[in-house]
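Here's the structure we're looking at; comments come further down.
The values are calculated or read from the model by the stated rules, or taken from the named source; none is laboratory data. Just so it is clear, the structure is predicted and the values come from calculations on it, not from any experiment. Positions of Cβ are generated from backbone atoms using ideal geometry, with glycine treated the same way; all protein chains shown enter the neighbour counts. Protein only, heavy atoms only, side chains kept; ligands, DNA and RNA dropped before computing areas. Shrake-Rupley method; radii C 1.70, N 1.55, O 1.52, S 1.80 Å.
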Amino acid sequence: MAADGETNPETGKLEFSLDVPFPSSREATIALRSLSPDREPRRGGISKHLSVSGSTLSVRWSADEARILRVSVNSFLDHLSLVIETMEMFGPPVAL
Amino acid sequence: MTVVIGFEGSANKIGIGIIKDGEVLSNPRRTYITPPGQGFMPSDTARHHRAVVLTVLQEALEQAGLKPADVDCVAYTKGPGMGAPLVTVALVARTVAQLWGKPLLGVNHCIGHIEMGRLITKANNPTVLYVSGGNTQVGYRLHRAAWQLFGQISNDPSPGYNIEQMAKKGTQYVELPYTVKGMDVSFSGILSYIEITQHCYNGDELPVALQETVFSMLVEITERAMAHCGSQEVLIVGGVGCNLRLQEMMGVMCKERGAKLFATDERFCIDNGAMIAQAGWEMFRSGQVTELEDSWITQRYRTDEVEVTWRD
């Protein structure tokens, strides 16, 4: 898992990115679709974008305040670990 | 044959149940217990559910003697309830639905209680009183939750059950504020009244008074609903619904009207996974599914927002 954080000089926003490798693109897509439906609870102040490329799940955050960013990233990591544990216990995915 | 697995975790219980055509194959549950007088906070509750959800899922499959391939649909509670616990349980439901290649179905928690009550009691077309820790309603009218009152009482196994045990000690009745306006009840004022006056009593009277007052209000509006609808059946569901005194009082009213009373015990009254599976079973059989992108949870979710496609 690779992570990177910095302040964007153009927008002044705090940015954070995370790349999570999965055994296959199928599993990365499952994680994406499990983690995507729930919106960020707060209106404005933060945006989060999830995408899959190959077998890697990528998440990009952009936030006004470090506090909001930290809460969102923490909560995402909690959710991610639950999804991965679920896959380990109840996977692998059936053939489509 | 249709097999549905149901995931429930909207409040302090986490339950996963499996239903096969009206038969409960398994229904394991865990309760997050906090000290009396302390409610359960969303993040702590979510942490509790997170710690046990996968174990409970394994138990549900093992007790039912089923493999994931035998499941036809994965149902989960979409709302109403506390956000963080709802998300925790929904994440697992979404993930296994995809791993197993099964359709997903978001269920309204209140509909789950009602459908489970109907399944267990075989009531035909009842007026439903749904009274629980978080939600109180007759038919589709919403009321300030009885939780405001019963939340002060231990939630292990449920406040409705515990107040019944506490009330057995009291013999004297104390008058409390009684507010019914049409089909609405108001519980506000009762708790303040108790807080202000409790030093006057030895402690045994208040549970009795609370039960008698609140339940009288609930029986009154239920009777009014029956009169409006011409209904001859009452079904009590929800966690407080397993309270025997409530059932007794409702029974008296029903007898006077020549109506029939239906109620369930704590296995199915208190939040559980099978009730979500049962509502999911009805919805799935009528052709409903929830696409993953629409599977977000919602803390507020009125019962009458659900389109009932499974009943005339």
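Numbers below:
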| item | result |
| --- | --- |
| Residues of segment B:79-115 satisfying the condition of being closer than 22 Å to B:Gly241 by Cα, within 13 Å of chain A (Cβ to nearest Cβ) and open to solvent by 10 Å² or more (accessible area, probe 1.4 Å) | B:Met82 |
| Pick from segment A:28-45, criterion open to solvent by 30 Å² or more (accessible area, probe 1.4 Å) and touching a residue at least 24 places away in the same chain (Cβ under 8 Å), ranking: farthest from A:Ser62 (Cα to Cα) | A:Leu32 |
| Segment A:70-82 - residue that is open to solvent by less than 80 Å² (accessible area, probe 1.4 Å) and not hydrophobic (A, V, I, L, M, F, W, C) and, of those, nearest to the other protein chains (Cβ to nearest Cβ) | A:His79 |
| Residues of segment B:31-69 that turn out to be farther than 15 Å from B:Gly6 by Cβ, open to solvent by 50 Å² or more (accessible area, probe 1.4 Å) and not hydrophobic (A, V, I, L, M, F, W, C), as a count | 13 |
| Any hit, segment B:150-161, residues being of a type in the set (A, V, I, L, M, F, W, C) and modelled with pLDDT under 75 | yes |
| Filter result for the condition that a residue is in a loop (DSSP other than H, G, I, E, B), away from chain B (no Cβ under 13 Å) and charged (D, E, K, R), over A:Arg43, A:Arg39, A:Arg67 | A:Arg43 |
| Residue within segment A:5-26 that is within 14 Å of chain B (Cβ to nearest Cβ), of a type in the set (D, E, K, R) and open to solvent by less than 40 Å² (accessible area, probe 1.4 Å) present | no |
| Given (1) surrounded by 19 or more Cβ atoms within 10 Å (Cβ to Cβ); (2) in a strand (DSSP E or B), number of the condition A:Met87 does not satisfy | (2) |
| Test for B:Ala225: is it closer than 29 Å to B:Pro35 by Cα and either of a type in the set (S, T, N, Q) or open to solvent by less than 60 Å² (accessible area, probe 1.4 Å) (or both) | no |
| B:Val252 assigned by TED's automatic domain parsing to the domain that holds B:Met166, assigned to a helix (DSSP H, G or I) and crowded, with 24+ Cβ neighbours inside 10 Å | no |
| Pair list, Cβ under 8 Å, 6 or more apart: segment A:46-64 residue open to solvent by 50 Å² or more (accessible area, probe 1.4 Å), other residue among the basic types (Lys, Arg) and outside any strand (DSSP E or B) | A:Asp64/A:Lys13 |
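Residues checked against (1) assigned to a helix (DSSP H, G or I); (2) within 14 Å of chain A (Cβ to nearest Cβ); (3) within 24 Å of A:Leu35 (Cα to Cα):
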| site | (1), (2), (3) |
| --- | --- |
| B:Leu261 | no, no, no |
| B:Phe268 | yes, no, no |
| B:Ala277 | yes, no, yes |
| B:Glu282 | yes, no, no |
| B:Gln288 | no, no, yes |
| B:Trp296 | no, yes, yes |
